[in-house]
Amino acid sequence: MIRVLSRRTALATLAAVPAAVVLAACSDSGKAEAETKPAEPAKPADAAKPAVEAPQPQGTVDMAQLLKPGALPDKSLGKDDAPVTIVEYASMTCPHCAHFNDTTFPDLKTKYIDTGKVRYILREFPFDPRAEAGFMLARCAGDNYFPMVDVLFKQQENWVTAQNAKDALFQLSKLAGFTQESFNACLTDQKLLDQVRAVQKRGADEFKVDSTPTFFINGKTYKGAMSIEEMSAIIDPLL
């Protein structure tokens, strides 16, 4: 069950939430944090075999419904007419999402996105106020959305666990050209906060996303961070 966060601006909430609240951000069962378990990485169908096989899908969705416009315009990389479309739902405070971003995504981009084989879409699925703030700043960064997401994932341990998340995020935001004024304006934008939450709610309600990262690859559902070998085993037969 997905938590419904109170209608407070992200800036105000950052100061009120201790760092420990966000340490189990990869899933949310509604239980106490100590009982919350993060999403497990997807595994090959037969782990006993030495060759990497494609992980088994954990469901399917209607691609036409999945790609319908939502509360926020999709942020995507790659050709619109690529033969394979990957939609990832992620949380900025999820360590599995950061691991995928740091270890698998660079190879995915080089091998498939930049070559026109894959269209990649990232959608917001925050589990906590700090994740909401991270996504809001990425949205406010405009054309620097993906670079901002990359910086936040690479520096995740620093700002997620910081006693003062607002200051930690501001220091990172300055790299993307934010001033104190534009930083505050972004994180007090109630409309943007509501839109980020609406993207999450739609993912949960319509596509049964309940952990991050969750990937939809040409309509098939895969939960958990995957290696480039596992993703290649899924993608290659679709090309």
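Scanning the stretch 59-70 for residues that are among the charged types (D, E, K, R) and closer than 16 Å to THR214 by Cα turns up at least one hit. Candidates in the stretch 109-122 are the residues that are within 28 Å of GLU157 (Cβ to Cβ) and of a type in the set (Lys, Arg); of these, the one that is most open to solvent (accessible area, probe 1.4 Å) is LYS111.
Results for (1) of a type in the set (D, E, K, R); (2) modelled with pLDDT of 95 or more; (3) outside any helix (DSSP H, G or I), shown as yes or no for each residue.
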residue: THR85; (1), (2), (3): no, yes, yes
residue: TYR89; (1), (2), (3): no, yes, yes
residue: ALA98; (1), (2), (3): no, yes, no
residue: LEU122; (1), (2), (3): no, yes, yes
residue: PHE127; (1), (2), (3): no, no, yes
residue: GLU132; (1), (2), (3): yes, yes, no
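Scanning the stretch 65-108 for residues that are without any contact (Cβ under 8 Å) to a residue 60 or more places away in the chain and open to solvent by 70 Å² or more (accessible area, probe 1.4 Å) returns LYS68, PRO69, PRO73, LYS79, ASP80, ASP81. Can you find, within the stretch 175-194, the residue that is modelled with the lowest pLDDT among those that are more than 12 Å from CYS140 (Cβ to Cβ) and in contact with a helix residue (DSSP H, G or I) (Cβ under 8 Å, 6 or more places away or on another chain)? If we take residues in the stretch 175-194 being more than 12 Å from CYS140 (Cβ to Cβ) and in contact with a helix residue (DSSP H, G or I) (Cβ under 8 Å, 6 or more places away or on another chain), then LEU175 is modelled with the lowest pLDDT.
The values are calculated or read from the model by the stated rules, or taken from the named source; none is laboratory data. Source: prediction; values computed, not measured. Heads up, the Cβs are rebuilt from the backbone with ideal geometry, glycines too, and the neighbour counts pull from every protein chain shown. These area figures cover heavy atoms from the full protein model, side chains too; ligands, DNA and RNA do not enter into them. Shrake-Rupley method; radii C 1.70, N 1.55, O 1.52, S 1.80 Å.
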